[in-house]
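Bear in mind these aren't lab numbers, they're just calculated from the coordinates by the rules spelled out. Just so we're clear, the structure is a prediction, and the values are computed from it rather than from any experiment. Glycine gets a Cβ as well: all are built from the backbone with ideal geometry, and neighbour counts include every protein chain shown.
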Amino acid sequence: MSISKKIGRFILTVLKYLSLLFFSFVALLPVVSCVITAFKTDEEYQNTNVMVLPHSWLNFENFINAFNKAGMGKAFVNSTIILVCVLLFSTIIGTQLAYVLNRFTFPGNKLIRNMFLFASMLPGVAMQIPVYEIMYKLHFINLLPGYIIVMCGTDVIAIYIYIQFFENIDISLDESAIVDGASYFTIFYRIHFPLLKPAIVTSCILKGVGTYNEYYMANMYLQDKKNLATVATSLYTFVGPLGSKYNLICAGVIISLLPALIVFITCQKQIYSGLTSGAVKG
């Protein structure tokens with residue numbers, strides 16, 4: 001190998017690692033500043049730079065105040081109820097819809113698929129005006145079940161994930177089950193549903209993260225911030241016209257991240273298995 005090629009390869013390697021370090025720094029900087037700010041007292045936060053370390057890493061007063069004043073206990077309960085219901089209903093509806101669209105040929109099948117694709121291209125914010133009008137007419141504003149219905153919606157990405165998995169399941173399984181006298185309902189829940197586990201894990205991760213972190217729709221449909229606050233909306237207790245208490249907000253952010261971190265640590269094997277299985281075709 002010539003010297004010029006060695007120099008070129010060395011430069012590319014250096015640039016690769018420098019870019020990796022740069023993007024890692026950009027990604028970790030907000031997290032590090034949030035952790036630092038969460039342990040600062042009000043005086044420290046007002047008089048020091050964001051990246052200046054706190055005097056004590058044992059200052060848990062901000063976490064206690066954030067949890068109590070923002071009502072995060074109630075917010076965690078509401079978010080858990082919403083998350084469980086949304087994932088349950090979205091999985092049941094999405095898998096059944098994908099099963100029908102993939103396994104049955106009927107007039108309008110292709111039209112329905114194209115309509116789902118068209119719906120995914122529409123801006124979500126623009127669609128909130130007619131959706132809000134419908135929810136208001138049905139008196140679903142400020143009701144937890146109403147918000148759950150809105151969040152369930154039709155998850156287009158999840159449906160296409162399920163359809164892709166159904167296309168990899170041999171149709172001969174259905175034919176053999178029908179010969180043995182199984183109904184379509186039995187075929188779906190006894191044969192297909194267990195095989196969809198990787199796809200369900202993948203779609204639940206995507207849907208769960210979005211639902212747990214949703215602020216815009218929660219703020220719009222759950223206007224009673226005292227009784228119907230979610231984890232995302234509860235943190236805005238410390239934002240007001242006289243200023244924001246970012247040390248308490250950062251403490252609340254860390255508290256809100258703990259459940260997700262615990263779930264990831266305890267279930268990372270299943271999560272990785274679901275994602276990698278969902279990425280492999282055939």
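Listed values for region 174-181 are Karplus-derived 3J(HN,Hα) couplings in whole Hz (6.51 cos²θ - 1.76 cosθ + 1.60, θ = phi - 60°), namely 5, 5, 5, 5, 5, 4, 7, x, and x replaces Gly and Pro.
When the GluC sites (Glu not before Pro) in region 117-178 are filtered for DSSP coil states and for at most 16 other beta-carbon atoms within 10 Å of their beta-carbon, no site remains. By the rule of a C-alpha distance below 23 Å, with chain neighbours fewer than 8 residues away ignored, the lysines paired with LYS226 are LYS69, LYS74, LYS245. With each label modelled as a point 7 angstrom along the Cα→C-beta vector, the LYS137-ASP42 pair spans 4.9 nm. A crude spin-label estimate for the pair GLU167 and VAL263, with each label 7 Å from Cα along the Cβ direction, gives 2.9 nm. About its Cα centre, the dipole of the chain is roughly 620 debye, where the only charges are +1 on Lys and Arg Cβ and -1 on Asp and Glu Cβ. Measuring between their Cα centroids, region 1-36 and region 44-84 lie 33 Å from each other.
In this simple spin-label model, placing a label point 7 Å from the Cα along the Cα-to-Cβ direction at both LEU15 and LYS197 gives a separation of 4.5 nm. If you take the alpha carbon atoms of the chain and fit the smallest convex hull around them, that volume is 235 Å³ per residue. Taking a straight Cα-Cα cut-off under 30 Å and skipping sequence neighbours fewer than 8 places away in the same chain, the lysines within cross-link reach of LYS6 are LYS16. Under the definition of Cα pairs under 8 Å and six or more residues apart, what whole-number percent is the relative contact order of the chain? About 31 percent, as a whole number.
Residue order for VAL26, VAL253, VAL263, fewest other beta carbons within 10 angstrom first, comes to VAL26, VAL263, VAL253.
Here the sum of -39500 (n - 2.57) over DSSP H runs of 4 or more residues, divided by the residues of the chain, equals -23500 deg cm²/dmol at 222 nm, to the nearest 500. Segment LYS110..LEU122, full-extension length gain: 2.4 nm, with 0.36 nm per residue of separation and the alpha-carbon distance subtracted.
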